[in-house]
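Colleague: Here it is: the structure, laid out below.
The values are calculated or read from the model by the stated rules, or taken from the named source; none is laboratory data. Remember, predicted model here, so these are calculated numbers, not experimental data. Quick reminder, even Gly has a Cβ in these numbers, built from the backbone with ideal geometry, and neighbours come from all protein chains shown.
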Ligand code: NAP
Ligand code: GLV
């Protein structure tokens, strides 16, 4: 019997074909509706491999149901939706999609920063709504990005790539990271600071950490109050690194000037979300890595990782480094 692979979102047939040639593959029928939990549990009971997305909670119950499960390939670099400890205990390899999405996500991050600073969405809407009467000296005047101070929290692959873009804008770049990055300091001229100093000095604060127990609610009201009142906060990491109510209150109180958000505590958000009511917020539906080229590469990498595990080879991008295969059906 061929190994059974379950894919939790509808993906383009042409990309899934290499898997279908070797394995028995089933896909959830929608690309925009998550697979219901009961169906996921039923499918995982039969599966040798799962291709999941970040909206799927791959928790202890799912991993325990997967008696034959050997690999979960998550279509994201972030893996906060997966219980790694249980996966390792059960001999399930967890793979993600680093590197292939780094440039694309850095582009979106810098684009969101520019858009928020220069009020690009507001200006485009203003025009479409027929409000443009004449040239006006301070019409929709934003704030400059060039020659300002950028503070990057989480100086990993994407953080460094954002820093690279910022050098082209003659920005001073501060960073805060779990570990210091001497190579990045040399190469990009970035300066290591404490978190406290960064939030006080930066004009733009960009968060690019993973979501972990340590980074959860890292941005509290107290942190926003330490920022400059002209500061713009950009979050492309995960919504839960921010206390969203605190961010809302800081924006309303004028403690910071604006926010560009690609991620939210609970996704998707709905039109009545309080942050969407604020004119100085640019909100995007979690599209950091969403270019056709990059999403294609991410899917290909997931497929490659699944094939490697099922063929007894080393996967390219293993997350749980303590993983050891167990003998399964
Ligand atoms: P990465 O290379 O692992 O970078 C993450 C960085 O955060 C690392 O340098 C890490 O430090 C640092 N970090 C971890 N915990 C920290 C803490 N408590 N305090 C300060 N720094 C901490 O990952 P990446 O590829 O750049 O991706 C980063 C995150 O971006 C992902 O985990 C994901 O959540 C998010 N993301 C979002 C989108 C989107 O569509 N919005 C797209 C891609 C990624 P060390 O150097 O010590 O490990
Ligand atoms: C997207 O959010 C990712 O983690 O790849």
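Colleague: What pairs come out if I take residues in the stretch 18-40 that are touching a residue at least 40 places away in the same chain (Cβ under 8 Å) and pair them with residues that are surrounded by 15 or more Cβ atoms within 10 Å (Cβ to Cβ) and assigned to a loop (DSSP other than H, G, I, E, B) whose C-beta lies under 9 Å away, six or more apart or interchain?
Modeller: 22/3; 23/3; 23/48
Colleague: Here are some conditions: (1) buried (at least 24 other Cβ atoms within 10 Å of the Cβ); (2) away from ligand 1 (no atom under 16 Å from the Cβ); (3) in contact (Cβ under 8 Å) with a residue 60 or more places away in the chain. Residue 66 meets all but one. Which one does it not meet?
Modeller: Just one mismatch for residue 66, condition (3).
Colleague: Additional query: Being loosely packed, with under 13 Cβ neighbours inside 10 Å and modelled with pLDDT of 95 or more: is that true of residue 316 here? Let's see the steps before the verdict.
Modeller: Working: loosely packed, with under 13 Cβ neighbours inside 10 Å: no; modelled with pLDDT of 95 or more: yes.
Criteria not met by residue 316.
Colleague: Additional query: Residue by residue through the stretch 195-247, note down the ones that are near ligand 1 (Cβ under 9 Å from one of its atoms) and either over 18 Å from the mean Cα position of the chain (by Cα) or not assigned by TED's automatic domain parsing to the domain that holds residue 154 (or both).
Modeller: 195
Colleague: Can you name every residue in the stretch 70-95 that is part of a loop (DSSP other than H, G, I, E, B) and away from ligand 1 (no atom under 13 Å from the Cβ)? Can you show your working first?
Modeller: In the first step, residues of the stretch 70-95 are kept if they are part of a loop (DSSP other than H, G, I, E, B); the result is 70, 75-81, 83, 90-92.
Correct list: 70, 83, 90, 91, 92.
Colleague: If you take the residues of the stretch 176-194 that are within 9 Å of ligand 1 (Cβ to nearest atom) and crowded, with 18+ Cβ neighbours inside 10 Å, which of them is farthest from residue 157 (Cα to Cα)?
Modeller: 176
Colleague: Could you name every one of the helices (runs of 4 or more DSSP H) located completely within the stretch 148-261 that has at least 3 residues being in contact (Cβ under 8 Å) with a residue 24 or more places away in the chain?
Modeller: 157-167, 195-201, 221-226, 244-252
Colleague: I need a count of the residues in the stretch 200-230 that are surrounded by 20 or more Cβ atoms within 10 Å (Cβ to Cβ) and out of contact with any helix residue (DSSP H, G or I) (no Cβ under 8 Å at 6 or more places or on another chain).
Modeller: Residues that pass the stated criteria total 2.
Colleague: Against the definition (away from ligand 2 (no atom under 12 Å from the Cβ), touching a residue at least 60 places away in the same chain (Cβ under 8 Å), more than 21 Å from residue 58 (Cα to Cα) and under 23 Å from the mean Cα position of the chain (by Cα)), how does residue 271 come out, yes or no? Steps first, answer last, please.
Modeller: Values: away from ligand 2 (no atom under 12 Å from the Cβ): yes; touching a residue at least 60 places away in the same chain (Cβ under 8 Å): no; more than 21 Å from residue 58 (Cα to Cα): yes; under 23 Å from the mean Cα position of the chain (by Cα): yes.
So residue 271 does not fit the description; no.
Colleague: If you don't mind, another one. Yes or no: residue 21 over 18 Å from the mean Cα position of the chain (by Cα), more than 16 Å from ligand 2 (Cβ to nearest atom), assigned by TED's automatic domain parsing to the domain that holds residue 204 and not in a loop (DSSP other than H, G, I, E, B)?
Modeller: On the way: over 18 Å from the mean Cα position of the chain (by Cα): yes; more than 16 Å from ligand 2 (Cβ to nearest atom): yes; assigned by TED's automatic domain parsing to the domain that holds residue 204: no; not in a loop (DSSP other than H, G, I, E, B): yes.
Taking the combined requirement at face value, the residue does not satisfy it.
Colleague: List the pairs whose first member sits in the stretch 282-308 and is farther than 29 Å from residue 4 by Cβ, whose second member is within 15 Å of ligand 2 (Cβ to nearest atom) and assigned to a helix (DSSP H, G or I), and whose Cβ atoms are under 6 Å apart, counting only residues at least 6 apart or on separate chains?
Modeller: Close Cβ pairs (under 6 Å, with a partner that is within 15 Å of ligand 2 (Cβ to nearest atom) and assigned to a helix (DSSP H, G or I)) amount to 288/105; 288/108; 291/104.
Colleague: Here is a follow-up. When the residues of the stretch 121-147 are filtered to those that are touching a residue at least 60 places away in the same chain (Cβ under 8 Å) and assigned to a helix (DSSP H, G or I), which remaining residue is farthest from the chain's Cα centre (by Cα)?
Modeller: 122
Colleague: Would you call residue 223 in contact with a strand residue (DSSP E or B) (Cβ under 8 Å, 6 or more places away or on another chain) and more than 15 Å from residue 110 (Cα to Cα)?
Modeller: no
Colleague: Quick check on the stretch 137-151. Is at least one of its residues within 16 Å of ligand 1 (Cβ to nearest atom) and touching a strand residue (DSSP E or B) at 6+ places or on another chain (Cβ under 6 Å)?
Modeller: Yes, some residue in the stretch 137-151 is within 16 Å of ligand 1 (Cβ to nearest atom) and touching a strand residue (DSSP E or B) at 6+ places or on another chain (Cβ under 6 Å).
Colleague: Does residue 300 meet the test of being in the same structural domain as residue 15 (by TED's automatic domain parsing) and more than 16 Å from ligand 1 (Cβ to nearest atom)? Write out each step before concluding.
Modeller: Working: in the same structural domain as residue 15 (by TED's automatic domain parsing): yes; more than 16 Å from ligand 1 (Cβ to nearest atom): yes.
Spelling it out, residue 300 is indeed in the same structural domain as residue 15 (by TED's automatic domain parsing) and more than 16 Å from ligand 1 (Cβ to nearest atom).
Colleague: Exactly one of (1) over 14 Å from residue 315 (Cβ atoms); (2) buried (at least 24 other Cβ atoms within 10 Å of the Cβ); (3) more than 13 Å from ligand 2 (Cβ to nearest atom) is unmet by residue 109. Its number?
Modeller: Of (1) over 14 Å from residue 315 (Cβ atoms); (2) buried (at least 24 other Cβ atoms within 10 Å of the Cβ); (3) more than 13 Å from ligand 2 (Cβ to nearest atom), only one is false for residue 109: (3).
Colleague: I need the full set of residues from the stretch 82-97 which are surrounded by fewer than 18 Cβ atoms within 10 Å (Cβ to Cβ) and either farther than 23 Å from residue 213 by Cα or within 12 Å of ligand 2 (Cβ to nearest atom) (or both), in order please.
Modeller: 91
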